[in-house]
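Structure record follows, encoded as structure tokens.
The values are calculated or read from the model by the stated rules, or taken from the named source; none is laboratory data. Quick caveat, the model's predicted, so the values are computed rather than measured. So basically every Cβ, Gly included, is an ideal-geometry build from the backbone, and we count neighbours across all protein chains shown.
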Amino acid sequence: MEDSDNHLFKENPTIAENNRRIRRLKKESGKPVIGYLCCFAPPEMISAAGALPFRLTGIPGGDNSEADAYIEPYGCAYARNILARAVRGDYDFLDGLVISHSCDMVQRLYGIWNYYHPLPYSYLFNVPHQLTPWAQRFYKRELIFFKDSLEKFTGQEITETALRKEIDSYNHNRTLIRDLYALRRVNPPLIKGSEMLNLLLAGGVMPAEDFSFLLETTLAEIRRRHNEQTTGPRILGWGSIMDDPALYRLIEKAGGSVVADDTCIGMRLWEKNIPLPGDLYNGFLEQYFIDFQCPRTDRGPGIKRFDYLLERIDQYDIDGVVGYIISFCDPHKFDYPDLRDLLKKEGIPMLLIDDNYSFEPAEALMTRLEAFIEML
Amino acid sequence: MGNSEMARANRHLDTTRKMKEMLPRFFMRMMERRFNNEPLAWCMVGVPPELLKAFDLLFEWPENFSTICASRLIAPHFIEVAETDGYSTELCSYVTNTMGYCKLFVEKGEAPPESPLPGGMGTPSMLLGSGFICEPRWKWFQSIATRFFNVPVYSSDPLAPPWDVDPRDPRIENHYLCLLREDLAGQIKFLERETGKKLDRHHLREILILSHQALAYWRDTLSLRKNVPTPMGSTDYFHAIIPQMYLVGEQEAVDFYREMYEEVKERSAMKKGIVEDEKYRFIWFGLPPWFNMGVFNYLESFGAVFVYESTYNVGDYFEVDVSDPLEAIVRRTWQRAVWMHDYGAEAMPEICNPAVFGGFVGSSLLEELVRDFKIDGAIMNLTRSCRAISFGEVHTKNRLAKLGIPSLIFESDMADPRLWSDAQIKTRLHAFLETVEKAKQGGR
């Protein structure tokens, strides 16, 4: 695989770069910046309200001590890191905060954050845990409340035309991302897992049009690449939020190729487009609630809830699964034994990495990854 | 840690001591019916016990079963079985205790002999879950039904409004009431299908009336703890919640809570405390260490008493119109949500509970409690395996500090005694008592 000139492929888009970019955008556009966690509240709506959506990410292994004054030490280190960064002023460009009720930790983080460091705008997007007809109706009503609150804050009506335009832009990106993922189905894959994750992370902090440009140029560049090198076993990354390519890089260094994923900044969000024309709210319901495969949503007992994952394993010709769970991430920790047993039955080896959102000690991780990949 | 460090609780009330006879009678009744192969539901706190009574359904509470396993120091055995099955030590120890139990049950084809209750929890024919309070409760019954008992599951989904919306806004109220009503209707439809019985609303209404009578006595009993010296402490409190799970809706529960109320009232009138010299009045936050309830007696030996507990607390009691019993359950849930919201639900919004228990970190409720219950300090159990309940303890500590009330957070668990460090915790408790003493002498 050839090296790229695209700096995103060589290094992480640093937090400082992201912050500089969003500050510049904010200044140039005069638009407020609304940070968001998790994917149940459509960012299209934030954009259609005339604001800049900014996906909040943390710094693995970062200092969380500032959070200790407000929340308990036992808890997801990712969420604690987000709060520590907020307390430190790392998000001083934010005008608003949207947190979806995805897991207990972020739901409660919302209240504590707003209690101690309130922002001009905040919204907790409440999400039922089941997919019953009444849960779906609740989600759709929640969309309306979310729309109303955004309009009230920005003073800009979210018209159907504006919403369609945003969905169209996001759909375009979804298509491009699927095109990029398709290049990972070939063997060896044309784009590394760490590169793909870097792209997706970059997309979370820039307007959809800018992301389109980035994706298009990247796609063109990748298509020019030549598959000259052989590659190692094909890996699927499963588990908690992955907002840093460190683990994928370790896997690549250990000789594996991360060609697919099942984490929340990954394929989950891009698998299909929101139908246009169509009922936009039904589209959001399906995209961000029904089809969004976060284990926090109860899809009933039994292993059928993992069918989508088996399909992906088949589509991407996966040799092994590397699970990554951040400490105290209950939804994934609950799913692990069932998934492990299912994969074993299917003949797919799995390695679980339980981590405190630090990817450390890297040497120990590397040893485990090398042993796993060698076994594959 | 050795088991010798764990002490069982001594209770102070005659009424709670009588439960030794009352509860076995109930369990025997249930056992006889189990032998007749009647449907058995495993339920989570959050499922209205009145509904179970209305369907005359046999039921078990795995959470309560886990507290019993913890108090008999059997929980570590079950928890370790679950851990070898791949369940993390970080997961709720009520859950891992149950998962270990289930694994042994399925392997042996019957309740493991080490079960604390005769016959343990029987084979479930259905699982009735509730997402109230935390997400492990969603995943728990999903896992049980996936791995051990392939039976129908219904999990209710009582969401509560975030702390910064106005629950009195008719649109918001309707938004949540719709969900609560439809969810309850779904639960009833499920129960009708699984039991083959139609819900008798008249019967449910009668049960609710009895249930609310019992709860009103309970509320009034707890209010008497404002008295100095307090006539009732935590060892009685945490024991006396059990009839709310098993007997609520029955005359026996009304009689029990009335008797308790009368006893506590009499003790109040006689100024009969639970210790000779009541020096410090505390609030307890978090789940108790069920494996070492004697720690409350230990603190009592230094004149420290608990007059309020944040968990399993029924909170204020709501007069609801029971003419439509289903709407009464919905309204009861909603009123509790609004009540908690009014007191500040920034750290724990998920208190929306269609049953009778709750937790609170209502920050402005603290001011009332400190004033009305004459609080000197607070002790908080930071339960490693239950972050849902212990979340907000740091915030509560901050809020109490503003009121000049010292507090201590120590780390342990509710069911897993392996997380109890006796010497360390007692050292911290002693240091805290000194802090409180100094604060009292300093007049705060």
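Observations, loosely collected:
- The stretch A:38-55: number of residues that are within 17 Å of the chain's Cα centre (by Cα) and either modelled with pLDDT under 95 or surrounded by fewer than 24 Cβ atoms within 10 Å (Cβ to Cβ) (or both): 4
- Residues located in the stretch B:137-175, provided they are in a helix (DSSP H, G or I), in contact with a Gly (Cβ under 8 Å, 6 or more places away or on another chain) and under 20 Å from A:V127 (Cα atoms): B:R137, B:W138, B:W140, B:F141, B:Q142
- Matching residues, the stretch B:42-80, being among the small types (G, A, S) and buried (at least 24 other Cβ atoms within 10 Å of the Cβ): B:G46, B:A54, B:S66, B:A70, B:A75
- None of A:E286, A:E221 is in a helix (DSSP H, G or I), farther than 28 Å from A:E346 by Cα, touching a residue at least 24 places away in the same chain (Cβ under 8 Å) and out of contact with any strand residue (DSSP E or B) (no Cβ under 9 Å at 6 or more places or on another chain) except A:E221.
- Within the stretch B:4-25, residues that are closer than 20 Å to B:Y246 by Cα have Cβ atoms under 6 Å from residues that are aliphatic (A, V, I, L, M) in these pairs: B:T15/B:M260; B:T16/B:A240, counting only partners at least 6 apart in sequence or on another chain.
- B:A401 being more than 14 Å from every other protein chain (Cβ to nearest Cβ), surrounded by fewer than 20 Cβ atoms within 10 Å (Cβ to Cβ) and part of a helix (DSSP H, G or I): no
- Checked against the criteria, A:L376 counts as surrounded by fewer than 19 Cβ atoms within 10 Å (Cβ to Cβ) and either among the small types (G, A, S) or touching a residue at least 24 places away in the same chain (Cβ under 8 Å) (or both).
- Look at the stretch A:131-159: where a residue is closer than 30 Å to A:G30 by Cβ and away from chain B (no Cβ under 14 Å) and a partner is among the charged types (D, E, K, R) and in a helix (DSSP H, G or I), sitting 6+ places away or on another chain with Cβ atoms under 8 Å, you get A:E157/A:E151; A:I158/A:K147; A:I158/A:E151.
- One residue from B:V151, B:V165 being more than 24 Å from the chain's Cα centre (by Cα), at the interface with another protein chain (Cβ under 9 Å from one of its Cβ atoms) and at pLDDT below 95: B:V165
- Yes/no for A:F359 being among the aromatic types (F, W, Y), more than 14 Å from chain B (Cβ to nearest Cβ), buried (at least 17 other Cβ atoms within 10 Å of the Cβ) and under 20 Å from A:C76 (Cα atoms): yes
- Test result for A:G232, part of a loop (DSSP other than H, G, I, E, B) and closer than 19 Å to A:I373 by Cβ: yes
- A Cβ distance below 6 Å, combined with a sequence gap of six or more or placement on separate chains, defines the contacts here; from the stretch A:335-347, residues that are free of Cβ contacts under 8 Å to residues at least 12 places away in the same chain and outside any helix (DSSP H, G or I) reach no residue that is crowded, with 17+ Cβ neighbours inside 10 Å and of a type in the set (S, T, N, Q).
- Top-ranked residue in the stretch B:404-428 [being outside any helix (DSSP H, G or I), over 13 Å from B:W284 (Cα atoms) and within 12 Å of another protein chain (Cβ to nearest Cβ); ranked as nearest to the chain's Cα centre (by Cα)]: B:D413
- When residues of the stretch A:70-121 are limited to those that are outside any loop (DSSP other than H, G, I, E, B) and among the small types (G, A, S), the one farthest from the other protein chains (Cβ to nearest Cβ): A:A86
- Just so you know, in the stretch B:302-346 the residues that are outside any helix (DSSP H, G or I), modelled with pLDDT of 85 or more and of a type in the set (D, E, K, R) include one that is surrounded by the fewest Cβ atoms within 10 Å (Cβ to Cβ), and it is B:D321.
- Being modelled with pLDDT of 95 or more and in contact with a strand residue (DSSP E or B) (Cβ under 7 Å, 6 or more places away or on another chain) is a description that does not apply to B:E173.
- Options B:Y87, B:Y101: the member that is outside any helix (DSSP H, G or I) and of a type in the set (S, T, Y): B:Y87
- Some residue of the stretch A:318-331 being loosely packed, with under 15 Cβ neighbours inside 10 Å, among the small types (G, A, S) and under 26 Å from B:L91 (Cα atoms): no
- When residues of the stretch B:168-187 are limited to those that are in contact (Cβ under 8 Å) with a residue 24 or more places away in the chain and surrounded by fewer than 20 Cβ atoms within 10 Å (Cβ to Cβ), the one farthest from B:W42 (Cα to Cα): B:R168
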